[in-house]
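Inspection log for the structure reproduced underneath, given as structure tokens.
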Amino acid sequence: MSQQLSASAQKVQDALASMGYAYQVTESAHVTRTAAEAAAVVGCDVGQIAKSLIFRGISTGRPILVIASGSNRVNEQRIASYLDEPIGKADADFVREHTGFAIGGVPPVGHARQLTIFVDRDLLRYSEIWAAAGTSNSLFRLNPRDLEPMTGGQIVAIT
């Protein structure tokens, strides 16, 4: 792991610090675009990877971030029921516009715009999890119980 962070990873590190969290962003030579790749790099269970998925409200166009356990698939109808609005997948341009990050590296914090955020309750089964930190090869380890106050998100069932 390198000590000098890329600009995107540093942005996440700065966001964490500004919120009072001492978590450390690390970057590796290994790409971690998927939960399985990230779990292999850090040596944890796939379920301990907090994957950030961006959706778009079909009616309003609002950005929705679902922070899901790496072993879960998001039930889009369930998320839509929390919003009273159907949702669809967001394209790469929408993701970058609203988060400031590219798909594969979207962190739970430090976004360009306000997002509606849902946190997978299954992440709370673990004592520690790993989340993307702004690039496809950066991560940070955290206590899953910090996700709710850190993001302002709502803990929900996502499957």
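The range 142-159 and the range 96-126 have their alpha-carbon centroids 10 Å apart.
Using the rule -39500 (n - 2.57) for each DSSP H run of four or more residues, divided by the residues of the chain, the 222 nm mean residue ellipticity is -7000 deg cm²/dmol. Cβ-to-Cβ counts within 10 Å put Met150, Met19 in ascending order as Met19, Met150, the fewest first. Using Cβ point charges alone (K and R +1, D and E -1), the dipole size of the chain about the Cα centre works out to roughly 60 debye. Neighbour counts of C-beta atoms inside 10 Å place Ile79, Ile67 in the sequence Ile79, Ile67, starting with the fewest.
Applying D = kT/(6 pi eta Rh) to the range 7-156, where Rh is the Kirkwood radius over alpha-carbon pairs, T corresponds to 20 °C and eta to 1.002 mPa s, the Stokes-Einstein value obtained is 142 µm²/s. For the chain, the membrane-span-like helix rule (DSSP H, alpha carbon extent of at least 20 Å along the helix axis, mean Kyte-Doolittle at least 1.0) picks out no helix; this says nothing about an actual membrane.
Every read-out reported here was derived from the displayed coordinates using simple, explicitly stated rules and does not represent laboratory data. Every value quoted in this text rests on a predicted model; they were computed, and no experiment measured them. Every residue, glycine among them, receives a Cβ derived from its backbone with ideal geometry; neighbour counts consider all protein chains shown.
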